[in-house]
Every structure is written in C-alpha cells, then in structure tokens.
Amino acid sequence: MSLKSSLAITTGKSAYWFLHKFRNGGSSLPGKLTTKIDPNILKVLGQNYDVIVITGTNGKTLTTALTVKVLNQKFDHVLTNPSGSNMEQGIVTTFLTAKRSKNGRQIAVLEVDEANVIMVTKYIKPVAFVLTNIFRDQMDRYGEIYTTYKKILDGIALVPEATIIANGDASIFNSKELPNPIQYYGFNNQSDHDVTADVNTDGILCPVCQHVLHYNFIVYSNLGKYFCPNCGFKRPALKYELTSVDQLTPATSAFTIDGTSFNLHIGGLYNVYNALAAYSVGKFMGVTDDEIATALNDPDERVFGRQEQIQVGDKEITIVLVKNPVGLNQVIDMVGTETQPFSLVGLLNANYADGIDTSWIWDGEFEKLPKMNIKQFMTGGERYKDITFRLKVAGVTDDNLWIEPNLHDAVDRLKDLPTKRVYVFATYTAMLQLRKQLADDGYIKEGI
C-alpha cells in the first residue's frame, strides 16, 4: 500500500469516527475526504473481496439487505452499504468501516447507483452484477430508460467475466448481446394468454424490430413474459422461477420459488421481485433453499425508510419510499390490500436526490386512493403544494385533507390522525428529513 493510500484511509477512518462519535453520523464525507487524497483508493480497499453489485431503478436497497441476510447464512461476514449510500463516496466509506473476516471468503454486497456502476468497476472487478429493473426515474439525472441502461452497461463492460443475474421479465435486459455469462430470474405464475401493456408504459418496443411487444402475462408495468409477434423475440429461459404468489398483505408476502415456499415479513408484489433476486444470488453463491428460507423469514427486513415501521404514540407509522410512477403505483396497490382503516401522509421534495421534476406524480394512480378505507389524508414536504393539488384532482376533498408545510408540525400531527395505522409516502430527501425529525423527537435512535 502506498503512503498516499495509507494517509487517505487514515483520514477517512478518522472522519468517520468523529462524525459518529460527536455528530449524527454520516456516510458521504469520509468517502469524499478519502477519494480527495487518493482518487484510486477503491482499488486498494476492494482487493481480496468477492464483490456483488446490485443496481437498477427500484428495489436496490431492499434487494441488497435481503441478499446480505441470505449470504450470511453461509459466509462469516458480508460487507454492505446498508444506509443506501450507493454512490462512490458512500461505497468508499463502506470499505473504510469493514471488519475483516477471520476465515473464509471476503464478500461484499454493494448497492450501486446506476450512473455510478462504472465508478466502481474502474477499480473493482465484481464476480456478479444483479439487475433489478429499469423504469423512468429522475429524468434530469438519467434521461430515458435506454440511457440509464447504457450507464450500467458501460460499467459492466469493464468486467466481461462477471456473471449477470438479471430480471428476465424486463425485456431491456435481453436487448443487448453481452459477453458475460447471464442467469435470469422471473415470474412464471400465470397461464399464457395474449395481452399488451398500457399505452403509457415505457420499454415495450421490441429491441430487434421496434414492434410493440405482447405478453403471455404481465406482472406489472413492463415486466412479464414478453414476446414479439412480428420477429419472434421473446423472454429468455429462466434459471430461477417464481411459480406462485400465495398471499399478499401490506406487511407480509408468501410465495413459491423453484418448488420451495417462502415467507417475507414485508408486503408488496414488487418486494417479491426483490426476494427473488436475493434468492437467485444465494443460489449462485451456493446457499441452500432451506438457508434462504430461514433468511427471508427473518422478521427484521424493513430497512431505512423502505416500509420501515416506527411507533409514534399509539400510531404504527410505516414509511414507504416513492420516487417514480411505477414504484408509486405498486405502493398504492400494496396499501390497497390493507383490511383496516388507515391514514395516508404524502411528503414530496424535489431536491437532486429526489429528481427536481415533480411532474412524475401525475402518472401515479392516485385516483385509486379515495376508494380505499382512508380516514384522513395529510400532505407536507418542500413541494407540498404539488402533492396537495394532485390529491385534490384525484378526488380527495378539503374536509379530509390536512396540509402541514412544516415537518415538525407534521410529525406532531401524526399523533392526531384518527387511525392507528398510518402510511407515509415520502420521496428520498423527505424520508431522510422525516427520520431525522423523528430522531430529534425521540421516536427512533438515529436520524440520517
């Protein structure tokens, strides 16, 4: 190790210690300081690790958390970035805080922002890439879905020997010939018929002939068993198959993969995909079905604002991150399975990490909400006017809607909501602000 690298690592570790000892923590600054001194530090930090990169639009954080749980069944210690700090500086900080395994393989499971894959593979050669999905998201940062995929492929191109474990139900992951070995996972839980996606769905043109794709069945959005009636392009063979979804509630999911039953203590069909991805990685790394079932059945699966449950007085607050139309619509469908009356809070910000364009909320199916058993709505966040207007257009009436621009006041008013169960839909920075306010008020131990 060079003197420069040693100095960089010492500086980064000292910054991390100081922030977590005397401040509220922080995952970016130590990495920024480290890379400022040695821009190539990841090459030093990541050596001797078998690295698995998890990327895609939706589901990265939970897929990463579930994958770590699965691999921990077999391996001594799995390094990861659990707070969702998925850009280069956050990943550097992750390695700075690593505890070396005393025996066995050194494994790192890293959630990586789509545009930052190449910033990792410039220095580290992963053994596998996990591709969850690609949906329209933060147009100011990523552009269209094909631009996003190009950013991921630029990073993968530097590691042609790495195995790709991809969502086979997403046609975009079958649109380019790649030298990498590829394993596909997907749903196979419906009988075949012929259906087309909604006209507003992205990514439904055949990559070979540009004809509109058809589906034998659709799971949601552009995911499903696709085929092109014009040229014969179709979904590839799946190595890992989900064959049935047995039960879905807002807090639980039961399903069958490759003949084994699994239970997940988190709701939403989209999270079944995350579990399927984690299962696929586990099988790739030699974890048994029984071990995977034990890991997925762990009741402590909610992580950092992704269906995280927090008790505020007598209220059960569930924080759900929303950031694009497809994810939002899946969350709306998830709360639609709630059998008890509940209240709904919408917190909308438009900072860089959220995407500065809030027009995506108009593609959300908010019109479903007034038909649900929602006793009270509340809006807040820096763009509270936008989310308030969107809900009113969807049919939410003034007498059923509280508006709280100030986050401190919004947290206080959570206790006044008329139902025990409360769901909070929050964009990324709004979620961070909410958690910090809840920490300041003593409801959770840590903020951001």
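The values are calculated or read from the model by the stated rules, or taken from the named source; none is laboratory data. Bear in mind that the values here come from a model prediction, so they are computed numbers and not experimental data. Ideal geometry is used to build each Cβ from the backbone, glycine not excepted, and the neighbour counts take in all protein chains shown. We work out accessible area using only protein heavy atoms, side chains counted, and drop any ligands, DNA or RNA first. Shrake-Rupley method; radii C 1.70, N 1.55, O 1.52, S 1.80 Å.
Would you point out the residue of segment 376-420, among those that are part of a helix (DSSP H, G or I) and of a type in the set (S, T, N, Q), that is surrounded by the fewest Cβ atoms within 10 Å (Cβ to Cβ)? Here the answer is Asn400. Identify the single condition in (1) over 21 Å from Leu66 (Cα atoms); (2) in contact with a strand residue (DSSP E or B) (Cβ under 7 Å, 6 or more places away or on another chain) that Ser191 does not satisfy, given that it satisfies every other one. It is condition (2) that Ser191 fails. Can you find, within segment 191-206, the residue that is farthest from Glu177 (Cα to Cα) among those that are touching a residue at least 24 places away in the same chain (Cβ under 8 Å) and crowded, with 16+ Cβ neighbours inside 10 Å? By that ranking, first place goes to Ala197. Cβ-Cβ contacts under 8 Å between residues 6 or more apart (or on different chains), taken from a first residue in segment 49-69 that is at positive phi to a second residue that is assigned to a loop (DSSP other than H, G, I, E, B), are listed as Gly56/Thr132; Gly56/Asn133; Gly56/Ile134; Gly59/Thr132; Gly59/Asn133. Scanning segment 46-70 for residues that are under 11 Å from Val112 (Cα atoms), in contact with a strand residue (DSSP E or B) (Cβ under 7 Å, 6 or more places away or on another chain) and surrounded by fewer than 24 Cβ atoms within 10 Å (Cβ to Cβ) turns up just one, Thr61.
Flag set for Leu42, criterion: surrounded by 20 or more Cβ atoms within 10 Å (Cβ to Cβ), over 23 Å from the mean Cα position of the chain (by Cα) and among the aliphatic types (A, V, I, L, M). Residue pairs whose Cβ atoms lie under 8 Å apart, sitting 6 or more positions apart in sequence or on different chains, and linking a residue in segment 9-23 that is more than 23 Å from Val44 (Cα to Cα) and assigned to a helix (DSSP H, G or I) to a partner that is open to solvent by less than 60 Å² (accessible area, probe 1.4 Å) and at pLDDT below 70, are Leu19/Gly25; Leu19/Gly26; His20/Gly26.
Within the bounds of segment 326-346, is there any residue that is assigned to a loop (DSSP other than H, G, I, E, B), surrounded by 19 or more Cβ atoms within 10 Å (Cβ to Cβ) and within 20 Å of the chain's Cα centre (by Cα)? The answer is no; no qualifying residue exists. Taking residues in segment 327-351 that are farther than 24 Å from Pro405 by Cβ, and partners anywhere that are of a type in the set (Val, Ile, Thr) and open to solvent by 20 Å² or more (accessible area, probe 1.4 Å), the pairs with Cβ atoms closer than 7 Å and at least 6 places apart or on different chains are Thr337/Thr249.
Checking each residue in segment 71-81 for being open to solvent by less than 20 Å² (accessible area, probe 1.4 Å) and outside any loop (DSSP other than H, G, I, E, B) picks out Leu71, Val78, Leu79. Would it be correct to say that Ser2 is under 14 Å from Thr94 (Cα atoms), among the small types (Gly, Ala, Ser) and open to solvent by 20 Å² or more (accessible area, probe 1.4 Å)? So Ser2 does not fit the description; no. Being open to solvent by 20 Å² or more (accessible area, probe 1.4 Å), among the basic types (Lys, Arg) and touching a residue at least 24 places away in the same chain (Cβ under 8 Å) is the requirement here; does Lys315 meet it? Taking the combined requirement at face value, the residue does not satisfy it. Only a single criterion out of (1) over 25 Å from Thr64 (Cα atoms); (2) open to solvent by 20 Å² or more (accessible area, probe 1.4 Å) is not satisfied by Asn174, namely (1).
Every test in (1) touching a Gly at 6+ places or on another chain (Cβ under 6 Å); (2) closer than 13 Å to Ala98 by Cβ; (3) open to solvent by 40 Å² or more (accessible area, probe 1.4 Å) is passed by Leu33 save one, and that test is (2). When restricted to residues that are buried (at least 24 other Cβ atoms within 10 Å of the Cβ) and either modelled with pLDDT under 95 or of a type in the set (Val, Ile, Thr) (or both), segment 118-131 contains 2.
Candidates in segment 200-229 are the residues that are more than 15 Å from Asn329 (Cβ to Cβ) and of a type in the set (Val, Ile, Thr); of these, the one that is nearest to the chain's Cα centre (by Cα) is Ile204.
Please return the ranges of strands (runs of 3 or more DSSP E) entirely within segment 105-212 where 1 or more residues are of a type in the set (Asp, Glu) and at negative phi.
The strands (runs of 3 or more DSSP E) meeting that bar are 107-111.
Can you find a residue in segment 298-308 that is at pLDDT 90 or above and open to solvent by 20 Å² or more (accessible area, probe 1.4 Å)? Looking for residues that are at pLDDT 90 or above and open to solvent by 20 Å² or more (accessible area, probe 1.4 Å), one finds none in segment 298-308, hence no.
Where strands (runs of 3 or more DSSP E) fall entirely within segment 253-324, those with at least 3 residues that are closer than 16 Å to Ala65 by Cα and not small (Gly, Ala, Ser) are at 306-312. Residue-level analysis places Tyr423 among those that are touching a Ser or Thr at 6+ places or on another chain (Cβ under 7 Å), buried (at least 19 other Cβ atoms within 10 Å of the Cβ) and under 26 Å from Asn271 (Cα atoms).
The residue that is surrounded by the fewest Cβ atoms within 10 Å (Cβ to Cβ), counting only those in segment 354-375 that are of a type in the set (A, V, I, L, M, F, W, C) and without any contact (Cβ under 8 Å) to a residue 40 or more places away in the chain, is Trp362.
Results for (1) out of contact with any Phe, Trp or Tyr (no Cβ under 9 Å at 6 or more places or on another chain); (2) among the charged types (D, E, K, R), shown as yes or no for each residue.
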position	(1), (2)
Lys150	yes, yes
Leu153	yes, no
Val159	no, no
Phe173	no, no
Glu177	yes, yes
Tyr185	no, no
Gln190	no, no
Asp198	yes, yes
